[in-house]
Every structure is written in C-alpha cells, then in structure tokens.
1. Just give me the residues in region B:71-104 being more than 14 Å from chain A (Cβ to nearest Cβ) and open to solvent by 60 Å² or more (accessible area, probe 1.4 Å), in sequence order.
2. Scan region A:56-104 for residues that are over 15 Å from A:Leu16 (Cβ atoms), under 13 Å from the mean Cα position of the chain (by Cα) and among the aliphatic types (A, V, I, L, M) and jot them down.
3. Looking only at region B:63-104, which residues are within 14 Å of DNA strand D (Cβ to nearest atom), part of a helix (DSSP H, G or I) and in contact (Cβ under 8 Å) with a residue 40 or more places away in the chain?
4. Find all pairs meeting these conditions: Cβ atoms under 6 angstrom apart; at least six residues apart or on different chains; first residue within region B:1-19 and at the interface with chain A (Cβ under 9 Å from one of its Cβ atoms) and surrounded by 18 or more Cβ atoms within 10 Å (Cβ to Cβ); second residue outside any helix (DSSP H, G or I) and of a type in the set (S, T, N, Q).
5. How many residues, within region B:51-62, are open to solvent by less than 20 Å² (accessible area, probe 1.4 Å) and either within 21 Å of B:Tyr80 (Cα to Cα) or of a type in the set (Lys, Arg) (or both)?
Protein chains: 2
Amino acid sequence: MEPIDVFKALSNETRLNILHWLKEPEKHFPKQGAHLPKEVSIKGGVCVGDIQEKAKASQSTVSHYLNMMQKAGLLESVRYGQWTYYRRNEEAIHQLAEYFKTEI
Amino acid sequence: MEPIDVFKALSNETRLNILHWLKEPEKHFPKQGAHLPKEVSIKGGVCVGDIQEKAKASQSTVSHYLNMMQKAGLLESVRYGQWTYYRRNEEAIHQLAEYFKTEI
DNA sequence: ATTGTATATCGATTTTTTTCGATATGTCAA
DNA sequence: TTGACATATCGAAAAAAATCGATATACAAT
C-alpha cells in the first residue's frame, strides 16, 4: 500500500465522494443489493452501476476510479454473477489513518 | 484547508520527503539556522535553499512545492531578511490526522 | 548606487491525469 | 446459441500538473 497512490486516489472529488458514500451504503444507495439473493451477503458492497449513477460520470471512468482505489488499497471488490460489488477496505483505511497520524 | 489540496500536495515523493525532513530539521539539515542571529528563533524552520539542496530539484520547483504545501495548510513560513523559513504547521497537520480518522 | 544573494514568479515544454466512446469479456436468461 | 446486460479494458483527446531556465523582486553589504 503505497502512500502516494493512496493520496493520488484521494485527490479527486468524485473519488472522495465514493469513499464517503460507501461509508453508509444503505443511506446513499437505497436500492443496494437488489440483484443479490438474500442468502448471499456482500456487506457494504455496492455495484458499479449504482455508483456510476450517483457519481454522474461515464461507466468507463467510474470503473477506472474504482480500480484505482482498489489498487491503492482503499476498496475491495467481490464479484457476484455479472456484478462487481465494491466496498471500503476498512482495515486498510484504519491502518492508513494510523500511518497518517504517526508518519505525516 | 481543502482536503483535496492536501491530498494533492501529498501525492508527490519529493513533497512527502520535505514534510518528513521538517519533522526533524536538526537531523536532516545540520547547518539549519546558520543565517539567523541567535536572538531570533524560527523553531523548526528551514530556509528554501537548504531544502532545495536536499531535494535535488530546481530552485523554482522547490519554491513552487513549498508554496503549494503552505496553501494546502501543511507548512507555514516566516521571512527573515532575504530568507524564507518554512516549517510544518503541526496544528493543522494534527487536525488533518483527526479528519482522516473520522471522515475518511 | 552597485553588486551579490535568496526567493518568487513567469513562460514554456514535457509528463501525467482525466475523461470519454468504442470495444472486449464475462455472465445470465430465453 | 443468441441476445441482453454489467463491467473491464483500450485508445485517444483534452485538461492539469510537473518541471525547468530565465527573469523579477527584495534585501544586504560594500
């Protein structure tokens, strides 16, 4: 997890928004999980299409953003069928906050 | 203090290094404060030239970096004669760490 | 006043990032 | 197996950031 990649990922309003939204997915994505059979639980995960709709950017841009944020370590993804669910990587983000406090 | 400006400022290795160096100025800038009469104390401040020498980038680039970091709130500067001393804005950085922990 | 030094700003070029539409890939359903 | 859909990847154009040398500004010392 390269700090610089994390900071780059955070240097954009839309990406920052996505991170925010995913903090309270049920609040910001009311129809969250619509595609999932209820026995499958992808807690806190939201599919790309829902994020795209809210972010108001093109599909390819949002896909790119999510990939970038995942590579930076901020998000993790789970694929279910044709959908990819993204959620925050809370553990990594917590470590990051520690890093920020002690190293920056 | 706009989070995005802060993250942009942190998205560069040299700038990240500068922030690091200024955490322990006496360690990384042995000849620190050489220009200052001892009754003037700019605690933790290092002049642009010293930073430039260590950063190995051009004078204009380093000046630009420092200005950017100051605008982002990470640094503060004091001018003494022909020198500008930059030091960390510890209070702002501390607040930032709090922001990171609670908002990111 | 003139010269030298430190830093800031300007202008231009190169590099990186953003952003998109088009296309490819993978999955589901009929 | 065909068609529809979700997402990923590709390739390109536009926008922004990095970076430099040259020049300006501000101060110091002679």
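The values are calculated or read from the model by the stated rules, or taken from the named source; none is laboratory data. As the structure is a computational prediction, the values presented were derived from the model and not from experiment. Every residue, glycine among them, receives a Cβ derived from its backbone with ideal geometry; neighbour counts consider all protein chains shown. Surface accessibility is based on the protein's heavy atoms, side chains included, excluding ligands, DNA and RNA. Shrake-Rupley method; radii C 1.70, N 1.55, O 1.52, S 1.80 Å.
1. Across region B:71-104, the qualifying residues are B:Lys71, B:Glu76, B:Arg79, B:Tyr80, B:Gln82, B:Trp83, B:Arg87.
2. A:Val78, A:Ala92 - these are the residues of region A:56-104 that are over 15 Å from A:Leu16 (Cβ atoms), under 13 Å from the mean Cα position of the chain (by Cα) and among the aliphatic types (A, V, I, L, M).
3. B:Tyr65, B:Leu66, B:Met68, B:Met69, B:Lys71, B:Ala72
4. B:Phe7/A:Ser11; B:Lys8/A:Ser11; B:Ser11/A:Ser11
5. Number satisfying all stated conditions: 2.
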